[in-house]
Amino acid sequence: MIQGFKEFITRGNVIDLAVAVVIGAAFTAIVNSIVAGIINPLIALIFQADSLDTLGPTVMGLTGNEVFFPIGAIIGAVINFLAVAVIVYFVFVYPMNRFKERAAAKAGVSEEEASDLPTEQELLIQIRDLLGAQPKA
């Protein structure tokens, strides 16, 4: 049982996933600070609110009490998400795609040739079929 757990933990993809989660959490803290320190005050200037959390309508309830709908918090969450998505794309995804394109160009594989190559799943199916066609010993 311990050997199986050791094999599971030492797999490359599990370690990569753990590193990605830790880096993602740290990176999210940076983006949250940027959003809270720069973007939220800019929006607060436009909406004349001290904080996005105070932005929203207050409606009188049926029992006479006031109910506040914090729409500013929703706007802040959407802006936060978009900021994280944009930064992740331009910092990680776009450069990695460019790197892969350059590596493929150096290797002499064009995009058309790469698209003509069989996928990993197709290769595995071909191997399975070939093994199944061999005479049983």
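Regarding region 114-136, can at least one residue be identified that is assigned to a loop (DSSP other than H, G, I, E, B), of a type in the set (Lys, Arg) and either at pLDDT below 80 or within 25 Å of Gly24 (Cβ to Cβ) (or both)?
Filtering region 114-136 down to residues assigned to a loop (DSSP other than H, G, I, E, B) leaves 117-119, 134-136.
With the extra rule that they be of a type in the set (Lys, Arg), the set shrinks to 136.
Still in the list and also either at pLDDT below 80 or within 25 Å of Gly24 (Cβ to Cβ) (or both): 136.
Checked against the condition, which is being assigned to a loop (DSSP other than H, G, I, E, B), of a type in the set (Lys, Arg) and either at pLDDT below 80 or within 25 Å of Gly24 (Cβ to Cβ) (or both), region 114-136 yields at least one hit.
In the set (1) closer than 30 Å to Ala20 by Cβ; (2) modelled with pLDDT under 75; (3) in contact with a helix residue (DSSP H, G or I) (Cβ under 7 Å, 6 or more places away or on another chain); (4) surrounded by 12 or more Cβ atoms within 10 Å (Cβ to Cβ), Ala104 fails one condition alone, (2).
With respect to Thr28, is the statement that it is of a type in the set (Ser, Thr, Tyr), touching a Gly at 6+ places or on another chain (Cβ under 7 Å) and surrounded by 12 or more Cβ atoms within 10 Å (Cβ to Cβ) true? Walk me through it before giving the result.
Numbers: of a type in the set (Ser, Thr, Tyr): yes; touching a Gly at 6+ places or on another chain (Cβ under 7 Å): no; surrounded by 12 or more Cβ atoms within 10 Å (Cβ to Cβ): yes.
So Thr28 fails the test.
Taken over region 24-52, the criterion of being at pLDDT 75 or above and not aliphatic (A, V, I, L, M) is satisfied by Gly24, Phe27, Thr28, Asn32, Ser33, Gly37, Pro41. Figure legend. Inter-residue proximity from region 91-106: first residues more than 17 Å from Phe27 (Cα to Cα) and free of Cβ contacts under 8 Å to residues at least 12 places away in the same chain, second residues assigned to a helix (DSSP H, G or I) and small (Gly, Ala, Ser), beta-carbon distance below 8 Å, spacing 6+ or different chains. Indicated pairs: Ala104/Ala114.
Close contacts from region 34-47, counting a first residue that is touching a residue at least 24 places away in the same chain (Cβ under 8 Å) and among the basic types (Lys, Arg) and a second that is surrounded by 10 or more Cβ atoms within 10 Å (Cβ to Cβ) and in a helix (DSSP H, G or I), with Cβ to Cβ under 6 Å and a gap of 6+ residues or different chains, come to none at all.
With the structure loaded, tell me whether Gly72 is farther than 25 Å from Val93 by Cβ, at pLDDT 75 or above and either charged (D, E, K, R) or touching a Leu at 6+ places or on another chain (Cβ under 6 Å) (or both) or whether it fails that test. If you could, list the steps in order and put the result at the bottom.
Numbers: farther than 25 Å from Val93 by Cβ: yes; at pLDDT 75 or above: yes; either charged (D, E, K, R) or touching a Leu at 6+ places or on another chain (Cβ under 6 Å) (or both): yes.
Yes; evaluated as a whole, the condition is true for this residue.
The values are calculated or read from the model by the stated rules, or taken from the named source; none is laboratory data. Everything numeric in this text was worked out from a predicted model, so none of it was measured. Reconstructed Cβ throughout: ideal geometry from the backbone, glycine too, with neighbour counts over all protein chains shown.
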